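Peer 1: Got a structure for you, questions after.
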Amino acid sequence: MARARRLERKPVLAVIVTAVFFAWLYLPILAVALFSLNDKKSLSSFGGFSLRWYDDLVHNTALLDSLVASLKIATVATLGSLVLGTMLALGLERVTSRRGRVIGAVTLLPLVTPEIVTGVAALLLFTGIGLKLSMTTVILAEITFSIAYVTVIVRGRLAGIAGEVEEAARDLGCTPSQAVRLVTLPTLVPALVGAGLLVFALVFDDFVLAFFTTGVDPQPLPVRVYSSIRFGVSPAINAIGTLMLLASALLIVAALWVPRLFNRGGASSLDLITGGDQR
Amino acid sequence: MAVQEVSQEVTPERGRRPRSAQRTSLWGWLLALPTAWMVAFFVSSMAIIVLLSFGRTTNDGYPAFATSTANYRAIWNEVYLELFLRSLTYAVATVVISALIAYPVAYTIALHGGRYKNALIAAIVVPFFASYLVRMYAWKALLSDDGLVNSGLRRSGLTDGITFLNTPYAVIGGLVYGFVVFMILPVYASLERLDTSLIEAGKDLYHGPVRTFFSVTLPATRAGLYGGVLLVFLPALGDFVSAQLLGGANTFMMGNLVQQQFAEGQNWPLGSALTVGMMAALTALMVVYLRATSTRRREA
């Protein structure tokens with residue numbers, strides 16, 4: 001009854017705003033994708049479909065080096081932050097002392113610190129301790145930044161399963177480390193997969209941290225794209241931009257849906273992002 | 001019988017004590033490595049930036065630690081303050097526009113999305129988590145003088161084209177495009193949790209959807225809106241990509257200034273002082289904001 005009454009009057013203005021919003025959200029992206037297939041060099045008139053800009057990409061060794069560098073950075077940073085972030089989440093969930101709360105707050109700080117501050121600070125730290133700027137420094141900075149994401153997602157999942165299952169395992173004769181290894185970690189798999197995909201996409205696309213912590217060669221992909229965009233718009237960037245958008249869109253879709261496959265009817269990472277299951 | 005019951009109750013209690021102590025040490029151990037990592041790479045980097053903000057540049061151009069307040073005196077001048085105020089204005093405008101967009105969008109999806117709710121939210125989240133840089137570039141390509149919008153305008157004969165780039169509107173538009181999702185998600189989450197019978201009751205009480213909205217729906221979702229304001233404001237204030245790609249020298253924000261000191265100007269101590277100043281201002285604003293919103297929340 002109440003439901004029927006609510007649905008019979010749609011807020012017309014809000015629906016219009018929503019429709020316009022979706023158009024505004026997708027039009028620029030679709031324009032980039034469309035013009036990446038343009039036969040002409042123009043960015044405003046379409047001269048027919050062609051893959052020539054993609055062909056150029058394949059032969060652009062500097063760009064390919066950057067792509068490989070970014071893939072390596074994202075892979076290592078994802079694995080590193082998954083390990084550290086999960087350890088942190090497991091620890092924080094159980095250590096409820098004051099010390100635990102302080103540690104919890106500190107590890108969340110990167111999430112509320114403007115990225116430029118984190119980036120500049122990392123640059124100073126690395127130069128200060130005499131570490132040469134390279135892919136390694138980018139990876140170190142990205143791990144530091146990504147730990148918080150993993151911790152938040154894993155803690156959300158841990159709150160759902162509570163300590164009882166682990167307690168049961170202990171009663172059945174597991175040692176504490178066995179209980180974690182055999183019981184807790186397997187139930188965390190969906191959250192870990194979701195967090196891993198999300199962090200991979202974020203790190204792969206991350207520009208600001210990479211910009212401040214990278215060495216000269218090879219530059220991560222976003223940094224290289226940035227330096228070419230600064231000097232103007234070109235069809236080749238449309239092509240690489242389209243590929244970057246596609247790749248991260250696929251990763252995010254997977255991050256949203258994979259946990260759901262493991263756990264039908266349960267919380268997905270979407271709920272974690274929107275806070276749907278918390279509070 | 002009774003004795004047995006008691007002993008059954010007592011034994012696990014007794015058994016738990018050493019076990020929980022054991023557990024605490026295991027968990028404490030798990031915390032050690034990530035904590036050490038965060039101290040080594042995050043906390044110490046923040047400490048270095050504060051230290052270097054009191055530093056100086058040596059004669060051969062290298063940054064060096066010192067105990068001078070020269071950098072802070074240098075940033076306290078009209079040029080930098082104007083830039084700070086401009087950044088603040090852009091960030092506030094971004095927050096306001098984001099809220100005006102986010103609320104109707106979240107409202108439509110949460111209350112009228114039906115079974116497409118999750119799909120619609122995913123359709124918003126997916127492009128937003130995909131490359132911020134490429135999305136800024138997309139706007140640059142669209143709005144540039146020979147871009148699609150201007151060539152369309154010229155073809156329609158309405159105007160000879162409008163200069164969009166290098167204006168505050170382009171920069172603020174870029175910031176909204178970049179961060180509006182951080183407003184939509186918390187507002188959506190709070191609308192999702194909203195008990196719709198409240199709206200029904202409100203309609204009976206107040207007559208008319210407008211008064212109902214302002215006296216029932218909006219106050220009930222205040223928490224989400226407050227959260228979204230922070231999540232948009234923080235990255236918008238520190239951003240330099242939007243101003244760099246869509247704006248020009250007269251739309252530069254604090255982030256651009258910091259970036260110049262570190263990447264181009266090479267005056268790291270001055271850049272550090274700017275960064276610390278920015279963080280201090282941000283923290284002060286945050287404290288005021290959190291105080292104000294928490295009292296309002298308590299009153300509500």
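The values are calculated or read from the model by the stated rules, or taken from the named source; none is laboratory data. What you see is a predicted model, and the numbers here were worked out from it, not measured in a lab. In this analysis, Cβ positions are derived from the backbone assuming ideal geometry, glycine residues included, and neighbour counts consider all displayed protein chains.
Peer 1: For residues that are at the interface with chain A (Cβ under 8 Å from one of its Cβ atoms) and out of contact with any Ser or Thr (no Cβ under 9 Å at 6 or more places or on another chain), tally how many sit in the range B:240-261.
Peer 2: The total comes to 5.
Peer 1: Follow-up question, since we're still on this one. Check whether at least one residue in the range A:55-75 is within 14 Å of another protein chain (Cβ to nearest Cβ), buried (at least 21 other Cβ atoms within 10 Å of the Cβ) and farther than 26 Å from A:A31 by Cβ, and report yes or no.
Peer 2: Yes, there is a match, as at least one residue in the range A:55-75 is within 14 Å of another protein chain (Cβ to nearest Cβ), buried (at least 21 other Cβ atoms within 10 Å of the Cβ) and farther than 26 Å from A:A31 by Cβ.
Peer 1: Could you please tell me which pairs satisfy a Cβ distance under 7 Å, a separation of 6+ or placement on different chains, a first residue in the range B:237-249 that is in the same structural domain as B:G147 (by TED's automatic domain parsing), and a second residue that is among the aromatic types (F, W, Y)?
Peer 2: Short answer, once both residue conditions are applied: B:V241/A:F207; B:V241/B:Y132; B:A243/B:F252; B:L245/B:Y137; B:L246/B:W139.
Peer 1: Here's a follow-up. Looking only at the range A:38-54, which residues are within 14 Å of chain B (Cβ to nearest Cβ) and among the hydrophobic types (A, V, I, L, M, F, W, C)?
Peer 2: Scanning the range A:38-54 gives A:L43, A:F46, A:W53.
Peer 1: Next question. For B:A201, state whether it is more than 23 Å from B:G152 (Cβ to Cβ), at the interface with chain A (Cβ under 8 Å from one of its Cβ atoms) and of a type outside the set (F, W, Y).
Peer 2: No: the conditions fail for B:A201.
Peer 1: Also, quick follow-up: Scanning for something at pLDDT 90 or above and either in a helix (DSSP H, G or I) or in contact with a strand residue (DSSP E or B) (Cβ under 9 Å, 6 or more places away or on another chain) (or both), does the range B:21-32 turn up at least one residue?
Peer 2: Among the residues of the range B:21-32, not one is at pLDDT 90 or above and either in a helix (DSSP H, G or I) or in contact with a strand residue (DSSP E or B) (Cβ under 9 Å, 6 or more places away or on another chain) (or both), which makes the answer no.
Peer 1: Just checking, which of A:R99, A:R155 is over 28 Å from B:A263 (Cα atoms) and within 11 Å of chain B (Cβ to nearest Cβ)? I'd like the intermediate steps shown before the answer.
Peer 2: Details: A:R155 fails: within 11 Å of chain B (Cβ to nearest Cβ).
Criteria check complete, one pass: A:R99.
Peer 1: Still on this model: For a quick check of your reading: which helices (runs of 4 or more DSSP H) sit entirely within the range B:116-167 and have at least 2 residues that are more than 9 Å from chain A (Cβ to nearest Cβ) and closer than 30 Å to B:I184 by Cβ?
Peer 2: B:117-129
Peer 1: Got at least one residue in the range B:57-71 being assigned to a helix (DSSP H, G or I), within 21 Å of B:F252 (Cβ to Cβ) and not assigned by TED's automatic domain parsing to the domain that holds B:L257?
Peer 2: So far as the range B:57-71 goes, yes, one or more of its residues are assigned to a helix (DSSP H, G or I), within 21 Å of B:F252 (Cβ to Cβ) and not assigned by TED's automatic domain parsing to the domain that holds B:L257.
Peer 1: Follow-up question, since we're still on this one. Assuming A:S81 fulfils every condition listed in (1) within 11 Å of another protein chain (Cβ to nearest Cβ); (2) at pLDDT below 95 apart from one, which condition is it?
Peer 2: (2)
Peer 1: Also, quick follow-up: Could you please give the count of residues in the range A:18-37 that are in a helix (DSSP H, G or I) and either of a type in the set (V, I, T) or more than 10 Å from every other protein chain (Cβ to nearest Cβ) (or both)?
Peer 2: 5
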